[in-house]
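So the structure is just underneath, and the comments pick up after that.
The values are calculated or read from the model by the stated rules, or taken from the named source; none is laboratory data. None of the values given here were measured: they were computed from a predicted structure. We place every Cβ from the backbone using ideal geometry, glycine too, and count neighbours over all the protein chains shown. SASA here: full protein model, heavy atoms, side chains in, ligands and nucleic acids out. Shrake-Rupley method; radii C 1.70, N 1.55, O 1.52, S 1.80 Å.
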Amino acid sequence: MLAVLLSLSPANAQDQGPVNPFREADESELFRFDEQLVTVASRYAQTVRKAPSIVTLITADDIRANGYRTVSDALRTIPGIYLWKSPEGRDLAAIRGVISPDNNKLLVLVDGVPFYDGLYTHGFVGDPLPISAIKQIEVIKGPGSAIYGTNAFTGVVNLVTWRGEDLEGARLRILAGSGRRWDLTASGGGTEKIGNVNVNVSAYARLLSTEGFGFDVIPNGRRNIEGFDPREGLNVGGHFQVGGLHLQVHHMDFAHRFRQSTEFDDPYEGIGGDLDSFGLYYHDTFLDARYTIDAGAVSITPFFMAQKHDNPGAFFFTRGFETVDDGNGNLTTNQLTSTVETEKETTRWSAGLDFEARPGIDHRFVAGAGIENIEVSSVVDVRYDDGAHSAVLHDGFAVYDDCGAPSGYDSLRITLPEYPNRDCKNPALRTLYAYAQYTWTVLPSVELTGGARFDNRLAPSNSAPPPGLGLGGDLKDSTFFSISPRAGVLLVPSDVVTAKILYGRAFRAPTVRELLVVSEFDDANGEYPSTTANFQLKPETIHTVEGEVSAELESGFKARVDGSYSQLSSEIDKVDPGLYCNLPGALQVIGAEADLSARVGFLDANVGYALTLATYGGNDAQNNCQDGDRNDFANGDNPYQGRSQYEFPPHMVKARVSARATDDVRLTALGELYGPRPRAGWFAPDQPYDRALEDGPAFFLLHATASAMNLGKNDRFSVDITMRNVLGTRYSTAQFRDDASELGTDYRGQVVPRFEDGYTGEGRTVTVGVEMKL
């Protein structure tokens, strides 16, 4: 009954009108009352302390005080999270030793709704989303599929944008600095009562442009322009709420260059880095509509969301030189060039019903059911060779419709003679789901949580693979049924100690890229030039047991320790000679973290250490790569057996020290220390080379920010100045492990691992942020 008493106390009754205890956030019931709320763990408001997950909260004040420019900047400060890059230049966030080349083992939410593209189910955490429009970032390390389904595999990141009650006016924030980077974000909104109806409106708009000082790849022995990383972006969005109706809309236009077009061996390759001509482009429109019917102790919310994802691109490469004899003894040498245009357009939508009930002050029940659908409008690569006006399929890379033609090839405004235009049905992946979670506060010091989600993927709309591509199986084999349970115990033995014991199972469903994209088999080389689909892929699964103990000690000290054990099975990976497969065996991960915070006088300090031991085990699961000549696992063994997880650092330390002149004026130093990263065991060359691939060396990064908040009349201005990589540390993060064994020739003509040094890290930069409330 503690929540009822609190709601009736004078401090909570001032000018608030009647309080419905069944709809109020329940976080004032058992614990301290100054904690901020998160919704990421259970879809309703809880404190970090009570949420049935291990949660980290990053507020807008944290973003300003630490000078974060992107969501990635914020995530990289959390122990157990390692940031690196994909070959295309997208930011990847690896959690607790589990990595993904497409960032689809981490689920990104925008205001509680999944936000990812329909081809790779990539979760955007870098520049594509505007951090200045974010009120807070809620991060779960651990499984979240029991609530959110696929991709909530090793973690969930919820990006909470400003609402009308947060703003009550307008504000303008500009970030500018090194590399000709500037980022301008305007936000505005407010609340109003019209009659008996509450109206809540907010909106934001953002422009981004930068030319350099990002991560960059420099292959061995190749020339490049280090730090050249052009990016451009436009974002608009907002919320509109009238009574129980809530709409949110977000739109993103973003562009960056291909990171592999960087070998400036000749003038033509330099053209490949021109963002105006060649690059990756993203056009994303996201809509979520829901209406809550509130009946006191029960609420019902029907909803509909849709996301249109258009990801065109273009890149350029050279194919060497060709010498032609005209028959009269005249020789002409020409450089062979190719331009590839790509189109990747998908539509993702879901509809369903969420349900919430408070049968008693100590009980909470949430449930829901619905359907999720991803339709492929166009996925195809076409190539123009040597200035030709007619195109050919590039490596046969395409998703095929039910007529056996590349889906949407006419979207590139070309006609392939072998595929005349016709009215054909696009393929789609459709999943039915239902979930439920029950929370019971047994005693003031004990709370139990349990629940599960059920996902059933239906057969794709085109039930058979296109003919003549040498692929066995049937798309009906791609159906699956997955159960994702969770259970947790929360213990609060005293006012200053909290303990959590948690179990969860999560899954990641095969994506459109892994399941439906196919490539032509090259009989001459006996392989696929581009990794192709496997219609028998099954979901990846992970089981995680974790525990956390946190305590508030004497004199402003806080301590937290946690430990976890995870076992990942049926991992989907690219293997020779070019198929996606479920690997046999399992990745076993043992993790531990320790975190200590203190506030002494004018100093605030925090240091966190993360230990991650991730190793591939034996053949305790059957693979689905055994297909005639393409049997890569003749003995059924995991090809990675006995190896430590590629590139993920077993040891990392994240630290922050802040000196306060006042509560609003401070100087902050951030440190990141990464131990050696496993690489050497992943190199299996097909020919001799002159040195062994070495583990990634340890490195330390230091960042510093001076910030002054709430300056001037009416606290209208805030300023922050940040220098990242203060020491100018030269470091790198490797490419994904599939490229670890790729060989190339260095400037001496010797065979070496082509991407041994991976991506060179960002150099020293300075960024100034100014925010004004209008």
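Quick check on the range 723-734: of everything there that is touching a Lys or Arg at 6+ places or on another chain (Cβ under 8 Å) and not in a loop (DSSP other than H, G, I, E, B), which residue is nearest to Thr760 (Cα to Cα)?
Residue satisfying both the conditions and the ranking: Thr733.
Identify all residues within the range 557-574 that are open to solvent by less than 20 Å² (accessible area, probe 1.4 Å) and under 30 Å from Tyr120 (Cα atoms); write none if there are none. Full working, then the answer.
In the first step, residues of the range 557-574 are kept if they are open to solvent by less than 20 Å² (accessible area, probe 1.4 Å); the result is 562, 564, 566, 568, 571-573.
Residues satisfying the conditions are Ser564, Ser566, Leu568, Glu571, Ile572, Asp573.
Scanning for something at pLDDT 90 or above and part of a strand (DSSP E or B), does the range 60-80 turn up at least one residue?
The initial filter retains those residues of the range 60-80 that are at pLDDT 90 or above, namely 60-80.
If we keep only those that are part of a strand (DSSP E or B) too, we end up with none.
No, the range 60-80 contains no residue that is at pLDDT 90 or above and part of a strand (DSSP E or B).
Would you check which residues across the range 85-113 are in contact with a helix residue (DSSP H, G or I) (Cβ under 8 Å, 6 or more places away or on another chain), surrounded by fewer than 24 Cβ atoms within 10 Å (Cβ to Cβ) and more than 23 Å from Gly279 (Cβ to Cβ) and list them?
Result: Ile99, Leu109.
Take the conditions basic (Lys, Arg), in contact (Cβ under 8 Å) with a residue 24 or more places away in the chain and open to solvent by 10 Å² or more (accessible area, probe 1.4 Å) and apply them to Lys141. Does it pass? Show your work before the answer.
Values: basic (Lys, Arg): yes; in contact (Cβ under 8 Å) with a residue 24 or more places away in the chain: yes; open to solvent by 10 Å² or more (accessible area, probe 1.4 Å): no.
Here the answer is no, as Lys141 does not meet what is asked.
This table checks each residue for (1) under 23 Å from Ser377 (Cα atoms); (2) open to solvent by 70 Å² or more (accessible area, probe 1.4 Å); (3) of a type in the set (A, V, I, L, M).
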residue: Tyr282; (1), (2), (3): yes, no, no
residue: Thr285; (1), (2), (3): yes, no, no
residue: Thr292; (1), (2), (3): no, no, no
residue: Gly296; (1), (2), (3): no, no, no
residue: Phe321; (1), (2), (3): no, yes, no
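So if I check each of Ala357, Ala351, Ala367, which one is touching a residue at least 40 places away in the same chain (Cβ under 8 Å), open to solvent by 20 Å² or more (accessible area, probe 1.4 Å) and outside any loop (DSSP other than H, G, I, E, B)? Let's see the steps before the verdict.
Values: Ala357 fails: open to solvent by 20 Å² or more (accessible area, probe 1.4 Å); Ala367 fails: open to solvent by 20 Å² or more (accessible area, probe 1.4 Å).
Exactly one of Ala357, Ala351, Ala367 is touching a residue at least 40 places away in the same chain (Cβ under 8 Å), open to solvent by 20 Å² or more (accessible area, probe 1.4 Å) and outside any loop (DSSP other than H, G, I, E, B), namely Ala351.
Here are some conditions: (1) at pLDDT below 90; (2) crowded, with 16+ Cβ neighbours inside 10 Å; (3) not in a strand (DSSP E or B). Thr150 meets all but one. Which one does it not meet?
Exception for Thr150: condition (1).
Can you work out which of the residues in the range 420-435 that are part of a strand (DSSP E or B) and in contact with a helix residue (DSSP H, G or I) (Cβ under 9 Å, 6 or more places away or on another chain) is modelled with the lowest pLDDT? Steps first, answer last, please.
Taking the range 420-435 as the starting set, the residues that turn out to be part of a strand (DSSP E or B) are 428-435.
Narrowing the set further to residues that are in contact with a helix residue (DSSP H, G or I) (Cβ under 9 Å, 6 or more places away or on another chain) leaves 429, 435.
Details: Leu429: 91, Tyr435: 97.
Looking at the filtered set, the residue picked out is Leu429.
Could you pull out the residue among Asn334, Asn328, Asn373 that is in a strand (DSSP E or B) and open to solvent by 30 Å² or more (accessible area, probe 1.4 Å)? Explain how you work it out, then say what you get.
Values: Asn328 fails: in a strand (DSSP E or B); Asn373 fails: open to solvent by 30 Å² or more (accessible area, probe 1.4 Å).
Residue meeting the stated conditions: Asn334.
What number goes with the only condition from (1) open to solvent by less than 10 Å² (accessible area, probe 1.4 Å); (2) under 12 Å from the mean Cα position of the chain (by Cα); (3) aliphatic (A, V, I, L, M) that Ile134 does not pass?
Only one criterion in (1) open to solvent by less than 10 Å² (accessible area, probe 1.4 Å); (2) under 12 Å from the mean Cα position of the chain (by Cα); (3) aliphatic (A, V, I, L, M) is unmet by Ile134, namely (2).
Can you find, within the range 695-731, the residue that is modelled with the highest pLDDT among those that are within 30 Å of Pro639 (Cα to Cα) and aromatic (Phe, Trp, Tyr)? Show your work before the answer.
The initial filter retains those residues of the range 695-731 that are within 30 Å of Pro639 (Cα to Cα), namely 695-699, 731.
Applying the additional criterion that residues be aromatic (Phe, Trp, Tyr) yields 699, 731.
Details: Phe699: 95, Tyr731: 87.
Only one residue tops the list, namely Phe699.
Which residues, counting only those in the range 478-536, are under 27 Å from the mean Cα position of the chain (by Cα) and among the aromatic types (Phe, Trp, Tyr)?
Passing the criteria: Phe480, Phe481, Tyr503, Phe507, Phe535.
With a cut-off of at least 1 residues that are in contact with a Gly (Cβ under 9 Å, 6 or more places away or on another chain), name the strands (runs of 3 or more DSSP E) lying wholly within the range 500-577.
Working: elements: 540-552, 557-569, 572-575.
Ranges flagged: 540-552, 557-569.
Quick check: is even one residue across the range 507-520 at positive phi and modelled with pLDDT under 95?
no
Tell me which residues, restricted to the range 195-208, are at pLDDT 95 or above and among the small types (Gly, Ala, Ser).
Ser202, Ala203, Ala205
From the list Glu211, Glu232, Glu192, pick out the single residue that is part of a strand (DSSP E or B), modelled with pLDDT under 95, touching a Pro at 6+ places or on another chain (Cβ under 6 Å) and open to solvent by 60 Å² or more (accessible area, probe 1.4 Å). Talk me through it step by step, then tell me what you get.
Values: Glu232 fails: touching a Pro at 6+ places or on another chain (Cβ under 6 Å); Glu192 fails: touching a Pro at 6+ places or on another chain (Cβ under 6 Å).
Step by step, each of Glu211, Glu232, Glu192 is checked, and only Glu211 is part of a strand (DSSP E or B), modelled with pLDDT under 95, touching a Pro at 6+ places or on another chain (Cβ under 6 Å) and open to solvent by 60 Å² or more (accessible area, probe 1.4 Å).
So for the range 52-69 (the condition being out of contact with any helix residue (DSSP H, G or I) (no Cβ under 8 Å at 6 or more places or on another chain), under 20 Å from Ser732 (Cα atoms) and either of a type in the set (Val, Ile, Thr) or open to solvent by less than 10 Å² (accessible area, probe 1.4 Å) (or both)), does at least one residue qualify?
Checking the range 52-69: not a single residue is out of contact with any helix residue (DSSP H, G or I) (no Cβ under 8 Å at 6 or more places or on another chain), under 20 Å from Ser732 (Cα atoms) and either of a type in the set (Val, Ile, Thr) or open to solvent by less than 10 Å² (accessible area, probe 1.4 Å) (or both).
Just to be sure before I move on: is Val156 touching a Phe, Trp or Tyr at 6+ places or on another chain (Cβ under 8 Å), in a strand (DSSP E or B), within 27 Å of Tyr503 (Cα to Cα) and open to solvent by less than 10 Å² (accessible area, probe 1.4 Å) in the structure I sent?
Numbers: touching a Phe, Trp or Tyr at 6+ places or on another chain (Cβ under 8 Å): yes; in a strand (DSSP E or B): yes; within 27 Å of Tyr503 (Cα to Cα): yes; open to solvent by less than 10 Å² (accessible area, probe 1.4 Å): yes.
For Val156, the condition - touching a Phe, Trp or Tyr at 6+ places or on another chain (Cβ under 8 Å), in a strand (DSSP E or B), within 27 Å of Tyr503 (Cα to Cα) and open to solvent by less than 10 Å² (accessible area, probe 1.4 Å) - is met.
Could you tell me how many of the residues in the range 159-176 are under 26 Å from the mean Cα position of the chain (by Cα), more than 14 Å from Gly238 (Cα to Cα) and open to solvent by 30 Å² or more (accessible area, probe 1.4 Å)?
Looking only at that region, the number is 2.
Within the range 319-375, track down each residue that is aromatic (Phe, Trp, Tyr) and modelled with pLDDT of 90 or more. Give the derivation first.
Filtering the range 319-375 down to residues aromatic (Phe, Trp, Tyr) leaves 321, 349, 355, 365.
Result: Trp349, Phe355, Phe365.
Kindly list, by first and then second residue, each pair from a residue in the range 381-405 that is over 23 Å from Ala533 (Cα atoms) and touching a residue at least 40 places away in the same chain (Cβ under 8 Å) to a residue that is among the acidic types (Asp, Glu) and part of a strand (DSSP E or B), limited to pairs with Cβ atoms under 8 Å and residues at least 6 apart or on different chains.
Qualifying pairs under 8 Å: Tyr384/Glu341; Ala391/Glu341.
Which residue out of Glu554, Glu527, Glu540, Glu548 is touching a residue at least 40 places away in the same chain (Cβ under 8 Å), open to solvent by 30 Å² or more (accessible area, probe 1.4 Å) and not aromatic (Phe, Trp, Tyr)?
Details: Glu554 fails: touching a residue at least 40 places away in the same chain (Cβ under 8 Å); Glu540 fails: open to solvent by 30 Å² or more (accessible area, probe 1.4 Å); Glu548 fails: open to solvent by 30 Å² or more (accessible area, probe 1.4 Å).
On inspection, the qualifying residue turns out to be Glu527.
Residues Ala684, Ala740, Ala692: which one is at pLDDT below 80, within 21 Å of Pro101 (Cα to Cα) and either surrounded by fewer than 17 Cβ atoms within 10 Å (Cβ to Cβ) or hydroxyl-bearing (Ser, Thr, Tyr) (or both)? Walk me through how you get there before you give the answer.
Numbers: Ala740 fails: either surrounded by fewer than 17 Cβ atoms within 10 Å (Cβ to Cβ) or hydroxyl-bearing (Ser, Thr, Tyr) (or both); Ala692 fails: within 21 Å of Pro101 (Cα to Cα).
Only one candidate qualifies: Ala684.
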